[in-house]
Amino acid sequence: MKQIDIYWEGPFKYNDSIPYHLRGVPGIYIIDCDSEIMYIGKSETNGAFKRAKDHFRGQGDSTGRWIIERKDESEIMLWIGFTESNEDISLLERFLIHHFRPSANLNYIEKYEGCEPLEIINHGKFPKNINEKISNARNEGVIMKILLDGMYHGLKEYFEEMGWTVNTVNDLNCKSANDKEVRIYAKENDMILVTQDRRSADVADRNGVKVVLVTMGDISDLVISKIKEKYQKYFKLCTSAA
């Protein structure tokens, strides 16, 4: 499996002057806001810092305007990463976009699908929602680890009988914790978050947190399917009467 080291610097404001040692340096950049990764881009020939700033120069391009319309400008931060070989820049961009699925990249997400087995080692100062090591390798025999949110804590015993490692929000003494704290815990402990909160699931997915959204609608559909399967006669009578 190929390993690539990224050396990060930041955070910077988008209107900061470019440090002398970063002028003209190709690389990867991340635009984030309040710990949410909004956009990932690259510059293979010119400076990555300048390319990141260009999204907000003057009236801004479509990406910069889209971010500013949705976020507080004072919280928009830039992170600049560079590698020992510029030949790895496109591969890194594809890998990171596929892994984190930033909201401002989603319109073109299909072009970033698929990537060779890769391990990223992050150095320096990088966004706190990025782990030091990121890998897309699929390991056999790994124990499933899940974090049950809210109403699903009653499923803990069932999953434990399957040999899984299971925690619930109640177990963590963070019943009153906000969604962001729960997502951070799941990410830091490499757990799959199971939640019924669609917004929390969307944010988790964009920030590289493993998440499964199970809504009340999903549960209702399952119940109806089971009733229909086992008591088809009564199901038909009820639906025809309605």
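Readers should treat all values here as calculations from the given coordinates under stated rules, not as data from a laboratory. Please read all numbers here as calculations on a predicted model, not as lab measurements. Here the Cβ positions follow ideal geometry from the backbone for every residue, glycine too, while neighbour counts run over all protein chains shown.
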Under a straight-distance cross-link criterion of Cα-Cα below 14 Å, which aspartates and glutamates are reachable from LYS53, leaving out those fewer than 8 residues away in the same chain? ASP16, ASP32, ASP61, GLU73
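With Cβ to Cβ distances under 14 Å as the rule, what net charge do the other residues near SER17 carry (K, R +1; D, E -1)? Mind showing how you got there, number by number?
On the way: positive: LYS13, ARG23, LYS50, LYS53, ARG57; negative: GLU9, ASP16.
Result for the local shell: +3.
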Within straight cross-link reach of LYS133, meaning Cα distance under 13 Å, which aspartates and glutamates are found once same-chain residues fewer than 8 apart are removed? ASP5, GLU119, GLU188, ASP190
What the 10 Å binned alpha carbon P(r) of the range 2-135 shows, as percent of pairs per bin from 0, is 12, 48, 35, 5, 0
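So if each residue of separation counts as 0.36 nm, and I subtract the Cα-Cα distance between ILE121 and GLN232, what length gain in nm does that give?
Numbers: separation 111, 0.36 × 111 = 39.96 nm, distance 5.53 nm.
The span from ILE121 to GLN232 would gain 34.4 nm if fully extended.
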Near LYS228, which lysines are there with a Cα under 29 Å away, not counting those fewer than 8 places off in the same chain? LYS156, LYS236
Which links in LYS2/LYS180; LYS50/LYS128; LYS13/LYS42; LYS50/LYS210; LYS42/LYS210 stretch past 27 Å when you go from one Cα to the other? LYS2/LYS180; LYS50/LYS210
